[in-house]
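Written below as C-alpha cells is the structure these notes are about.
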Amino acid sequence: MSGSLFFLGQADGSKVVNLIQILFTNLSRPSGFLPFIAVLITFFYTIGSKRGPLLAVSIVFFTLCFGYLDSNFFDNTLIGPLQALRDSSRPLTVIFLFSLCLSAPRTDRGWRMSFVLFATLAFYVFQSMYLLRLLLAGESVRSILGILTDGLLFVGIVYGLGRRIQSQLDVDSILRALSIASALFLACNIMQLGFGYGQAIGQGRFMGVSGNPQLAGFVCAVFVIVNCYSHSRSSLKSWMSYYHAIQIGLLLMLIVWSGSRMSALSVAVGLIFFYRLRIGKILVFGIVSGIVLFIAVSLFPDSLTKVDRFTSGLDTRSAVWAARIDDFKSNPLFGTIGAQNDQEVNASESSYLSTAALMGVTGLLLLALTVFSMVTSAIKCWIHRRCTNFSTESADIVIAGIAMILFASIFEGFFLGILSMAVVFLYLLLTIAAYLLDAASQPENEAEPSDPEDESVETIEAFVQ
C-alpha cells in the first residue's frame with residue numbers, strides 16, 4: 001500500500017511539477033481553455049453569490065475523489081473528459097478552497113461566539129509540526145505546498161464555512177452540498193464503467209476515478225454517512241429520501257467491489273455510531289438501501305468477485321507495521337524524518353504508527369492530545385444532542401464521522417495527509433461541532449428544530465440556479 005493514496009502533502013516534488021506542467025499544457029489548447037473560462041466564472045460566482053460557498057464545498061469534495069495509481073502493471077487512464085478532470089483535480093481543489101477564504105469576510109459572524117475548537121487547533125498544529133519537520137529534512141516542495149494548502153483549509157473551511165453556520169438549516173445545506181458531490185462521484189464512476197471498464201477495475205477490485213481501491217472505498221464510506229444524515233433528515237414521503245437511499249445502496253456496492261476491508265469496517269463503525277440503538281431508523285435504512293444494493297449488484301455482478309477478501313484473513317499490513325515499529329525503536333524521541341535522506345518520507349500507513357516512526361515521542365504526544373480533544377468534542381456533542389437548538393442528527397454525524405476517521409487511521413495515514421478527503425471532512429466535522437457547542441450554550445428554543453424536508457426541493461433548486 002506504500003504510496004498508494006495520493007495526497008498533495010505527501011507527493012514528491014516531481015509529481016507536483018508534473019501536475020503544473022499538465023495544467024499549463026491543457027490551457028494552451030482550446031479544449032482546455034474553454035473549461036478554464038468556465039472555472040473562472042464559477043470561481044467568481046462562489047465568491048459573490050450567497051449560495052456560492054455551497055457550490056465551492058461540493059466542488060472541493062468532488063475533486064478530492066480523484067486519485068492516481070502509481071503502477072507499471074495496470075493502466076488506470078480514464079476516458080477523455082474524466083482524465084482531464086483528474087489532471088486538474090488538485091488545482092481545482094486549491095482554487096475553490098481559496099474562493100471559500102475570499103468569501104468568508106462577506107458573511108457576518110452573527111450570534112456565534114467561537115468558530116475554532118481546541119481539537120481543530122490541535123489538529124492544525126500537529127499537521128504544521130509534521131510539515132515543518134519535512135522542511136527541515138530538505139523536502140521543501142512538499143512542506144511549503146502542504147503549509148499553504150493546510151492554511152487554506154483552516155481559513156476556508158473552519159473560518160469561512162464556520163461563519164456561515166448560523167442555524168440548523170445551514171448545517172443541512174452544507175451536508176446536502178456534500179451529497180451532491182457524492183452524486184457526481186457516482187455519475188463519473190458509472191460513466192467510466194460504461195466506456196472504460198478495464199481501466200476502472202484492477203485485479204477484480206473497483207478503483208474507478210479514485211485510482212486505487214482503498215481511496216475509492218473510503219470516499220464511498222464518507223459519502224454513505226453524509227447521505228445517511230440527509231436521509232434521516234428527510235421524510236419517506238419526500239423524493240429526497242429516495243435520492244439519498246439510492247446513493248447509499250450504490251456506494252455500499254462500490255465498497256464491496258473495492259475489496260477494501262478498511263473501508264467496510266470504517267463505514268460499519270460510522271453506521272453504528274450514527275444510528276446506535278434507533279431500531280426504527282436502522283430498519284428503514286436497511287430496507288430501502290438494501291433494495292437498491294440488491295438491484296445494483298444484479299446490474300454489476302462483477303462487484304461480488306472480491307467479496308471473499310472480507311473473510312479471507314489475508315494479512316497485508318503486519319509486515320509494514322513491524323517496519324514502522326522498528327523505525328520508532330531506532331529513534332524513539334524524534335523519529336526518522338531526515339535520518340534517511342536518500343528515501344522519500346512515506347506516511348501512507350497507520351497514522352499512529354507512522355507518527356511514531358516519523359516523529360517519535362514528540363509527535364505522538366501531540367497526536368495523542370489531538371485525538372483526545374477530538375474524542376472530548378464528540379462526547380460533548382453527544383451530551384448536548386438533545387438540545388432543541390439543533391437536530392440530534394447533527395450531533396450524530398459529528399460523533400459518527402470522528403469515530404470513523406479515528407478507526408480508519410489505524411490502517412491509513414490520514415492524519416498525515418494534507419489535501420485529502422479524510423482531512424477536509426475532519427475539518428468540516430469539527431467546524432459543525434463548534435456550531436453545535438456554541439448553540440448548546442445559548443437559551444434553548446421552546447420547539448424542536450423544524451424538519452427541513454419541506455425545504456429540500458427549495459434548497460436544491462436554489463443551489464443549482
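The values are calculated or read from the model by the stated rules, or taken from the named source; none is laboratory data. Source: prediction; values computed, not measured. Backbone-built Cβ (ideal geometry, glycine too); neighbour counts: all protein chains shown. For the accessible areas, the whole protein counts, side chains as well, though only heavy atoms, and no ligand, DNA or RNA atoms are used. Shrake-Rupley method; radii C 1.70, N 1.55, O 1.52, S 1.80 Å.
Computed quantities for the displayed model
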{"quantity": "Qualifying position, being at pLDDT 85 or above, in a helix (DSSP H, G or I) and touching a Pro at 6+ places or on another chain (Cβ under 7 Å), among THR42, THR93, THR46", "calculated": "THR46"}
{"quantity": "Criterion violated by PHE62 - all others in (1) hydrophobic (A, V, I, L, M, F, W, C); (2) open to solvent by 30 Å² or more (accessible area, probe 1.4 Å); (3) touching a Cys at 6+ places or on another chain (Cβ under 9 Å) satisfied", "calculated": "(2)"}
{"quantity": "Given (1) under 22 Å from the mean Cα position of the chain (by Cα); (2) assigned to a helix (DSSP H, G or I), number of the condition PHE411 does not satisfy", "calculated": "(2)"}
{"quantity": "Unmet requirement for SER128, which otherwise passes all of (1) in a helix (DSSP H, G or I); (2) polar (S, T, N, Q); (3) touching a residue at least 24 places away in the same chain (Cβ under 8 Å)", "calculated": "(3)"}
{"quantity": "Exclusive hit being assigned to a loop (DSSP other than H, G, I, E, B), crowded, with 22+ Cβ neighbours inside 10 Å, modelled with pLDDT under 95 and of a type in the set (A, V, I, L, M), set LEU134, LEU78", "calculated": "LEU78"}
{"quantity": "Leading residue by the ranking (most open to solvent (accessible area, probe 1.4 Å)) among those in segment 149-192 that are more than 22 Å from ARG106 (Cβ to Cβ) and free of Cβ contacts under 8 Å to residues at least 40 places away in the same chain", "calculated": "ILE190"}
{"quantity": "Residues being hydrophobic (A, V, I, L, M, F, W, C), at pLDDT 85 or above and either within 16 Å of GLN214 (Cβ to Cβ) or buried (at least 17 other Cβ atoms within 10 Å of the Cβ) (or both) - total across segment 340-362", "calculated": "5"}
{"quantity": "Sole residue being modelled with pLDDT of 90 or more, open to solvent by 40 Å² or more (accessible area, probe 1.4 Å) and within 18 Å of VAL423 (Cβ to Cβ), chosen from PHE98, PHE123", "calculated": "PHE98"}
